[in-house]
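The structure appears below as structure tokens.
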Amino acid sequence: MDDQGNQNQNPYENTTYHYSYVSPYDQQPAAPTPPPAPEPPKKTKKKHPVLRTIALVLVCALVGTGSGFGGAALFNYLNHRGGSGTTIYQNTTDPQPVDVSKIEGLTPMSLSEINAAYADACVCITVRSKVQQGYYTYDASGAGSGFILSEDGYIVTNYHVIEGAYEIMVTLNNGESYPASVVGYEELNDVAVLKLDGITGLKHVVLGDSDDLVVGETVCTIGNALGTLSFSLTSGTVSATGRSITMSDGTVMNMIQTNCTINAGNSGGPLFDSYGRVCGITSAKYSNNGDSSNASIEGIGFAIPINDVATIITDYIEHGYVTGRPDMGITVSIIEDDVREMYGWPAGVLVREVNQGSCSEKAGLRRNDIITKLGDTEITGVQQMVSVKNHYRAGDTVDVEVWRAGETITLQLTFDEQTSADNNTATQVPSSGSGNSGNSGNGNSGNGQYPFDYGNGNGSDEGDGYGYFDPWSWFFGR
């Protein structure tokens, strides 16, 4: 009701208010301020539970790292939307036991099975050697890998791992270390056999057949990576077989190529095939054709096929030397190209020494002969000649073509058997170094420029290499 007694449905409806300045002297009361008009009710959107769930799953899938996380977040929301706490989920599985009953070499094995079965058959090798630099000699240390071949302690590794060592220590997977003795080594094939004396019952590997390897097959190695990361397992596949690889010393070897990581310290370790059998001996000696920057190469590793050295290893264990290995009983040297061109000599290798009673002496080979052909193969270098020679067996007879004082002659030579475990290359390559420059005639010392003797005298042994060769005395049948 208003002050006249009239009833209005809404006293503020359709009412216009005028705001004006009211003088303080005006005694009329100001009009009351009307309350704000109520806002019309908003239309409530109906929530669809299915669409809302789908949207939440999509958001969780984007924010999380996968659908599993999104599903877990959805479960959290649907079951804990009434709570205010934070729930963290962790997915765990029961550890799977490793089945080591597959070590018969006939069933494919997983990497974890190979590691469980054969880690105890792998060893870390540390060596100490003497290094000569100028007038100073100091101790040096090195590290490599190996694998146990038999329960009575025979171990296989690379020759270059133990080369020049006066002390060899072998560490087993249980942390125990023992001194090892050298049974034999093959420099040409970069393999060595060691022995732990007085120890039996050792876990050992099973040898496989490297000829059965196929490109793409899974392989792995366990070794002393970098000389500090002992018993590390790395895996990969066979990248190629039958690779002819030039090693850091110039030797050309048949190798298995793999992308299994093989670092310094892995040398001498086993390369396991997918059946857990040793199919190769890993080697970190590859020279990348003489380029020392190969350390930055990734995904390219090499191993010596076990078939190439299995007989050598067995012979060292059973006989102490490689049976049937041909021996010529000579010492040879390279001929520098500039010397050969200067005197018009043919390509070949120079005979420096002929062992008394050897097959070469019996065949009529003389000191300072140049061997130009062995069998049907032209000889161009020392390593190549050694490789050609080793295709024969002891007792084989071969024609040897030599150049002597301007005349080419052919001799018939029947190979002796190499029986010395120390004479592993049969044909030794003299290396330059301090002292023993060659007997320099008339007191003239050699300076290491050429690998030949100078004159007929017995002058002082000085200089840093071999002395000069005197072509005149050589031509006169020296």
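The values are calculated or read from the model by the stated rules, or taken from the named source; none is laboratory data. Because the structure is predicted, anything quoted here is derived from the model rather than measured. Because the Cβ atoms are built from the backbone with ideal geometry, glycine has one as well, and the counts that use them run over all protein chains shown.
Summary of values
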| quantity | calculated |
| --- | --- |
| Elements of type strands (runs of 3 or more DSSP E) in region 130-207, at least 2 residues being touching a residue at least 40 places away in the same chain (Cβ under 8 Å) | 136-148, 154-157, 165-171, 181-186, 191-195 |
| Of all residues making up region 208-246, the number that are in a helix (DSSP H, G or I), touching a helix residue (DSSP H, G or I) at 6+ places or on another chain (Cβ under 8 Å) and farther than 28 Å from VAL182 by Cβ | 1 |
| Qualifying positions in region 390-399 - farther than 15 Å from LEU411 by Cα and not hydroxyl-bearing (Ser, Thr, Tyr) | ASN390, HIS391, ARG393, ALA394, GLY395 |
| Filter result for VAL351 (in a helix (DSSP H, G or I) and within 18 Å of ILE335 (Cβ to Cβ)) | no |
| Of all residues in region 328-350 being of a type in the set (A, V, I, L, M, F, W, C) and in contact with a helix residue (DSSP H, G or I) (Cβ under 8 Å, 6 or more places away or on another chain), the one that is surrounded by the most Cβ atoms within 10 Å (Cβ to Cβ) | MET328 |
| The one condition in (1) on the phi > 0 side of the Ramachandran plot; (2) modelled with pLDDT under 85; (3) surrounded by 15 or more Cβ atoms within 10 Å (Cβ to Cβ); (4) not basic (Lys, Arg) that TYR286 fails to fulfil | (1) |
